[in-house]
Structure formats: structure tokens, C-alpha cells
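The values are calculated or read from the model by the stated rules, or taken from the named source; none is laboratory data. Not measured: the values here are computed from a predicted model. Virtual Cβ from ideal backbone geometry, glycine too; neighbours counted across all protein chains shown. Protein only, heavy atoms only, side chains kept; ligands, DNA and RNA dropped before computing areas. Shrake-Rupley method; radii C 1.70, N 1.55, O 1.52, S 1.80 Å.
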Amino acid sequence: VRYQLDQARLVWAAPGAGLLSYRAQWLRPNAEQEETMYISSLWLNRDGRWRNLFSQDTPVP
């Protein structure tokens, strides 16, 4: 139904490699309560293309 991304941070781990972290909140269809997760993903630039190497989602109770 809706979503929001906030608290975005980018940390450069090495030249051409970055760790992106943010909070995601969303409401599913027919749900009464929003869900929240913190998400971190490691990105690497190879040959001019950004590729996601790893991602971790941590639910917020």
C-alpha cells in the first residue's frame, strides 16, 4: 500500500565499494500495522556497473 525509506547512509569501504544502509517501513495490502526493517547492502563497481554483493535485512520488533 505504501512504503518509506529513510536514515540512508553510505560508507565507502574501499575505492569502488560502498556499504549502503537505510531503514524501510511499509504497509502490506490488508495489513493493519506497518513493518520496519534495517537494511544494509554491499555494492561493488566493476567495469562501470554497480553490483550488489551482499544484503542483510534486520526486522525491527
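Computed quantities for the displayed model
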quantity: Residue count, region 39-61 (criterion: open to solvent by 100 Å² or more (accessible area, probe 1.4 Å) and either touching a Ser or Thr at 6+ places or on another chain (Cβ under 8 Å) or of a type in the set (A, V, I, L, M, F, W, C) (or both)); calculated: 3
quantity: Criterion: within 25 Å of VAL1 (Cα to Cα), loosely packed, with under 12 Cβ neighbours inside 10 Å and of a type in the set (A, V, I, L, M) - qualifying residue of ALA24, ALA31; calculated: ALA31
quantity: Filter result (open to solvent by 60 Å² or more (accessible area, probe 1.4 Å) and either basic (Lys, Arg) or under 10 Å from the mean Cα position of the chain (by Cα) (or both)) within region 8-21; calculated: ALA8, ARG9, LEU19
quantity: Cross-chain or 6+ apart pairs with Cβ under 7 Å, region 12-32 first and under 20 Å from ASP57 (Cα atoms), then among the charged types (D, E, K, R) and open to solvent by less than 60 Å² (accessible area, probe 1.4 Å); calculated: TYR22/ASP6; ARG23/ASP6
